[in-house]
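See below for the structure under consideration.
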């Protein structure tokens, strides 16, 4: 078992419990007051900047950002508790999700001092939103095959290429972009890749909507036509893009959003069972047990990140198992509901619509099984 999946003693568990109850009371009041309606897959689909700023005012954004950069200097475990409670009730967290989950820790690890001072305070205030420029047309989960090119120019780099499935790019301020900055070496496809911070209102950036089969718009195609990125927005070190991206994926794949996207639907179904409006199918108990196991695993990774440990392999394990659970929730609730009229019809519909993407985004399950095998030293 990856070391990052082994739970460690937590001396602050009482404080974490208090924090959990505080967040739970807050989000329940928000629902009761009609601020938002619970939904599924909300970290991807439900964009609400006002709600994000309210969380920021309570100190629940930028929690792991040091105070000198406008954050709160708290632990990954504390942040985990907050995000888990937000997802459990289906809160609209998409606006700040990528910035808080991924951009902030990556800037702290690889960003320059100027980049940290420029972006981190705004992320912590819920004023700067972020996207991810990794995937490309015809590349699937094979990041090393990116065709976007970065060419040296006076004072910076000129970037041309296309990124696809870029969630929230039409509303975000910036994204991390992975591009090939030197000629492809067939013997080492991971060499010559670099990361850049691209401001999405830059000249030469065109953002086209990609609609889902339900007609929703949260995905985008981002076309870069000779976009100039100054040297001060190079992320980390030129040529180290692959190592940086794979480190970043540890944050992307390990959080509670990888198994709780349909939790609000499961909770609604359980409420109906308790009221004898739906049959007490044993599958609900099995899914609840799997959820609890993933909670323990994901919590352990949050602890590992707090200790500065690598969690790439463990994150891939959680992502594989978690996205399977999310889909299984949608399918089981559809089965036991049948023709019964229930109050959560919209939750079920949304879950089934989002279901095809669960095991694809963040790396397909097939690719991640290879990541796990390599991480465990298998051949």
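Go through 363, 370, 338 for me and flag whichever is under 23 Å from residue 256 (Cα atoms) and either over 19 Å from the mean Cα position of the chain (by Cα) or without any contact (Cβ under 8 Å) to a residue 12 or more places away in the chain (or both).
370
For segment 264-281, give me each residue that is outside any helix (DSSP H, G or I) and without any contact (Cβ under 8 Å) to a residue 40 or more places away in the chain. Walk me through how you get there before you give the answer.
The first filter runs over segment 264-281 and keeps only residues outside any helix (DSSP H, G or I), leaving 275-281.
Those that are outside any helix (DSSP H, G or I) and without any contact (Cβ under 8 Å) to a residue 40 or more places away in the chain: 275, 276, 280.
Yes or no, residue by residue, for (1) at pLDDT 90 or above; (2) assigned by TED's automatic domain parsing to the domain that holds residue 139; (3) within 19 Å of residue 81 (Cα to Cα):
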residue	(1), (2), (3)
273	yes, no, no
299	no, no, yes
304	no, no, yes
308	no, no, yes
316	no, no, no
338	no, no, no
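Can you tell me which residue among 171, 163 is surrounded by fewer than 21 Cβ atoms within 10 Å (Cβ to Cβ) and farther than 16 Å from residue 239 by Cα? Lay out the reasoning, then the answer.
On the way: 163 fails: surrounded by fewer than 21 Cβ atoms within 10 Å (Cβ to Cβ).
Exactly one of 171, 163 is surrounded by fewer than 21 Cβ atoms within 10 Å (Cβ to Cβ) and farther than 16 Å from residue 239 by Cα, namely 171.
Go through segment 116-230 and tell me which strands (runs of 3 or more DSSP E), entirely inside it, have 3 or more residues that are out of contact with any helix residue (DSSP H, G or I) (no Cβ under 8 Å at 6 or more places or on another chain) and either assigned by TED's automatic domain parsing to the domain that holds residue 352 or without any contact (Cβ under 8 Å) to a residue 12 or more places away in the chain (or both). Can you show your working first?
Numbers: elements: 130-133, 149-153, 156-163, 174-180, 193-199, 205-211, 217-230.
Hits in segment 116-230: none.
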What number of residues within segment 359-376 are modelled with pLDDT of 75 or more and not in a helix (DSSP H, G or I)?
2
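If a residue counts only when it is in contact with a strand residue (DSSP E or B) (Cβ under 7 Å, 6 or more places away or on another chain) and modelled with pLDDT under 95, which helices (runs of 4 or more DSSP H) contained entirely in segment 1-68 have at least 1 such residues? Outline the logic, then answer.
On the way: elements: 13-32, 42-45, 49-57.
Correct list: 42-45.
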Could you say whether any residue in segment 74-88 is closer than 20 Å to residue 310 by Cα, modelled with pLDDT of 95 or more, touching a helix residue (DSSP H, G or I) at 6+ places or on another chain (Cβ under 8 Å) and buried (at least 24 other Cβ atoms within 10 Å of the Cβ)?
no
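The values are calculated or read from the model by the stated rules, or taken from the named source; none is laboratory data. Since the model is a prediction, treat every value here as computed from it, not as a measurement. All Cβ positions, glycine included, derive from the backbone under ideal geometry; neighbour counts span all protein chains shown.
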